[in-house]
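Participant: The structure follows.
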Amino acid sequence: MLDSAQVPIAQSALLVVDAQDSFKATPRWERRNNPDFERNVSALIAAYRAANLPVIFFLHTDSDEGFSTDSPFFKLMDFIKPRADEPILIKNTRNCFTSTPLLPYLLEKNVRRVAIAGIQMEQCCETTARIAADLGYAVDFVTEATMTFPIPNWDRPGEELGVTAIRERTEYALRRRFARLVTVAQLTEELKAAPCGAVA
């Protein structure tokens, strides 16, 4: 994989994955982790905008409750206010590349590095990180700007994997294989040092 140290932050874009109200349509919302999610994602969006670098939002659609395109829950969370030049891409795959025009958009913008935030940490966020790395992008995975929920074991009713274990497994799987694990503060400092408007 390309290491983030090999690609200037000025060639980066922020991917905000599925930060949508659809998750509030089910009881699992009450068991979310990361109460700082909204604050951390907002800070990343602000930092990328200040550096004049691309921010791309995604909405996921499938047959689950709240995820159909005609659901009143099928919208970005209220704390997110996309600008006119910030795309909102609708996807029906776990990763952000396969079912959207993300790849040509990144190529057009000369992006070679992506930062990933959003929901769910170990599903759409992690899958996007893996695909991005395999496509040749340097990847910054901002775990503290992701969110997840306990995962039930569908083969053993009553058994589940807790959010702490999910975060640990996700970070172990991604670290030095698919992504650099980075904090909001670290990425913000790098963005402050970036030459504004470096991405086309």
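Just so it is clear, none of the values below were taken in a lab; they were calculated from the coordinates. Predicted model, so just to flag it, every value in this text is computed and none were measured. Every residue, glycine among them, receives a Cβ derived from its backbone with ideal geometry; neighbour counts consider all protein chains shown.
Participant: Does at least one position in the range 166-186 carry a residue that is in a helix (DSSP H, G or I), under 19 Å from the mean Cα position of the chain (by Cα), within 15 Å of residue 116 (Cα to Cα) and without any contact (Cβ under 8 Å) to a residue 24 or more places away in the chain?
Facilitator: yes
Participant: Being of a type in the set (Asp, Glu), closer than 16 Å to residue 76 by Cα and over 14 Å from the mean Cα position of the chain (by Cα) is the filter here, so list the residues in the range 30-64 that pass it.
Facilitator: Answer for the range 30-64, where residues must be of a type in the set (Asp, Glu), closer than 16 Å to residue 76 by Cα and over 14 Å from the mean Cα position of the chain (by Cα): just 62.
Participant: Do we find a residue being farther than 16 Å from residue 143 by Cα, hydrophobic (A, V, I, L, M, F, W, C) and touching a residue at least 40 places away in the same chain (Cβ under 8 Å) anywhere in the range 110-121?
Facilitator: Within the range 110-121 (the criterion being farther than 16 Å from residue 143 by Cα, hydrophobic (A, V, I, L, M, F, W, C) and touching a residue at least 40 places away in the same chain (Cβ under 8 Å)), the answer is yes, since at least one residue qualifies.
Participant: Which of the residues belonging to the range 37-58 are in contact with a strand residue (DSSP E or B) (Cβ under 7 Å, 6 or more places away or on another chain) and within 27 Å of residue 165 (Cβ to Cβ)?
Facilitator: Residues satisfying the conditions are 37, 40, 41, 44, 58.
Participant: Moving to a separate point now. Just give me the residues in the range 97-148 being part of a helix (DSSP H, G or I) and not aliphatic (A, V, I, L, M), in sequence order.
Facilitator: Within the range 97-148, 104, 105, 108, 122, 123, 124, 125, 126, 127, 128, 130, 134 qualify.
Participant: Ok, one more. Which one of 102, 161 is within 25 Å of residue 77 (Cα to Cα) and among the aliphatic types (A, V, I, L, M)?
Facilitator: Answer to the check: 102.
Participant: Ok, one more. Before we move on, is residue 86 among the charged types (D, E, K, R), in contact with a strand residue (DSSP E or B) (Cβ under 6 Å, 6 or more places away or on another chain), without any contact (Cβ under 8 Å) to a residue 60 or more places away in the chain and crowded, with 16+ Cβ neighbours inside 10 Å?
Facilitator: yes
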